[in-house]
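The next block holds one structure in the form of structure tokens; read it before the comments.
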Amino acid sequence: MEKHLLEKYAELAVKVGVNIQPGQRLFIRSTIEGTEFARIIAEKAYEAGAKEVYTVYSDDYMLYLKLKHSKNEDLEEFHQWEVDMAKFFCDEGGAFLSIIGSDPDILKTIDPKKIGIFSKTRQNAMKDVSKYIMSDKVSWSVVAIPSKKWAEKVFPNSPDPINDLWEAILKTVRINDYDDPVKLWNEHLNKLKETTEFLNNKQYDYLRYEGPGTNLKVGLPKNHKWLGGAQHNENGTIFLPNIPTEEVFTAPHKDKVDGYVRNSKPLVYGGNVIDGFTMEFKDGKIIKVTAEKGEDILKQAISLDEGASYLGEVALVPVDSPIYQLNVVFYNTLFDENAASHFAFGRAYPTCVENGENMNDEELKNTGLNNSITHVDFMIGNEEMNVYGIKDGKEERIMKNGKWVI
């Protein structure tokens, strides 16, 4: 990929993503395939006045080897220094940037139980850090770069899959030879703001979904907040958690979800692809799961703790979004969730209720928000999906055939 486009992408991650401030530390987590891009980001961050750029690299294959050869009890260990390292950057008011690009199939031969033990151990150890970040106390963002295995999964018949995936990624993040991506993103974020303001003024009691394999009613907490695009950290600095992003989202009421829903795009979880699945809910809880592919993995994922079997996010994305229109299955949640409306099971974002970022777990529970060590998005939107808002028993359509009608 041409370096000037990578520099535009890096500048977008630094100036709009984490919006690095002079004297601030930046903590980068990156796949080893992202080394070159991480270096460009570091240079842009230092140019913007960063005090320090600290990078931790991960290797998909090393994780595969760990899970393949480790005993179950060994997977229950987690290094405290990893927790302390992340807490240090939180305490310093640092920014967190993740560069992702994993092989979607890397762990498909690993025992789902091992994946569950590893995930639960890590997420339990990092739960305080995760809560701090999910409460938007600090700036954080996620971007992606291609890896060989990922590119071949997305474009299996291409003579140059990495180049094709780069082109697809750059289209979704509005990077091209001519335009200023920062300007384009500011215009896009203003449109998302208009949508969230509309929904926040409505304060619907419920949303109702109908579509192929889906008939679901989702309650919303009192004083819920729709969010989308840019957020503010506790110092008032604006940042963009996901690049790309096309969603507006809020938290459902933990105990007010009833009916059933079917996925519209594959879910990649723990290096495994899960697809063709249906979830059935009663009083908020997932009471039945079936899947054509990866059913055992999905059942493991919703069993990490009590909250994993309840929803923590409801997000609306129109099918005329740029990502959906690419008609590409990315096998990566960052992109696929922004192609279609989706839910997440697990922890809710505290910022999705008024003053939630200042509430403790018990106070958040009393508002109806779910708590868990996990948060996993899965896509349900398509061109046949209709969504209705319900207020005081009166229903009005807000999406028809996957598009906004507001």
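Could you tell me which of T245, H232, Q300 has its Cα farthest along the dipole of the stretch 229-312 towards the positive end, charges placed at Cβ (Lys, Arg +1; Asp, Glu -1), taken about the Cα centre? Ranked along the dipole, the leading option is Q300. Think of the chain as a dipole: +1 on every Lys or Arg Cβ, -1 on every Asp or Glu Cβ, centred on the Cα centre; then among A344, I28, G17, A344 lies furthest on the positive end. Charge dipole of the chain (Cα centre as origin; +1 on each Lys and Arg Cβ, -1 on each Asp and Glu Cβ, all else neutral): 560 debye, rounded to the nearest 20.
Among the listed pairs K131/K282; K108/K153; K254/K403; K365/K403; K183/K265; K222/K254, a Cα-Cα separation exceeding 22 Å is found for K131/K282; K254/K403; K365/K403; K183/K265. With 27 Å as the limit on Cα-Cα distance, the pairs of K8/K51; K44/K137; K71/K288; K171/K288 that go past it are K71/K288; K171/K288. Ordering I133, W166, Y178 by Cα displacement along the dipole of the stretch 120-181 toward the positive end leaves I133 in first place; charges were set at the Cβ atoms of Lys, Arg (+1) and Asp, Glu (-1). Summary value for the stretch 156-313: 16 percent relative contact order, contacts being C-alpha pairs under 8 angstrom separated by 6+ residues. To the nearest 20 debye, what charge dipole does the stretch 3-172 have about its Cα centre, counting +1 at the Cβ of each Lys and Arg and -1 at the Cβ of each Asp and Glu? Rounded to the nearest 20 debye, it is 300 debye.
Out of [x] 1.18; [y] 0.93; [z] 0.98, which label holds the value of Cα Rg over 2.2 N^0.38 Å that was computed here? Entry [y]. Among V329, V138, V18, the ranking by other beta carbons within 10 Å of each residue's beta carbon, starting with the fewest, stands as V329, V138, V18.
Of R25, R122, the sequence from fewest to most neighbouring Cβ atoms within 10 angstrom is R122, R25.
Looking at the chain, the DSSP beta bridges with both ends there are about 75 percent antiparallel. Working from Cα pairs under 8 Å separated by at least six residues, relative contact order for the stretch 3-172 is 26 percent. Springs join every pair of Cα atoms under 10 Å in this Gaussian network model of the chain, and among Y178, Y64, Y209 the largest mean-square fluctuation is at Y178. Taken about its Cα centre, the stretch 212-282 carries a charge dipole of roughly 260 debye when the Cβ of each Lys and Arg holds +1 and the Cβ of each Asp and Glu holds -1.
Ordering 286-295, 391-400, 312-321 by mean Cβ neighbour count within 10 Å, with the highest value first, yields 312-321, 286-295, 391-400.
Straight-line cross-link reach from K285 at under 14 Å between alpha-carbon atoms covers these aspartates and glutamates, not counting any fewer than eight positions away in the same chain: D255, D258, D305, E306, E313. Taking a cut-off of 13 Å between Cα atoms, list the aspartates and glutamates near K293, but don't count ones fewer than 8 places away on the same chain. Those aspartates and glutamates meeting the cut-off are D105, D275.
Quick note: the coordinates plus some simple rules give every number you see, no bench work behind them. Everything quoted here is computed from the prediction, not taken from an experiment. Don't worry about glycine lacking a Cβ; one is built from the backbone with ideal geometry, like all the others, and counts go over all protein chains shown.
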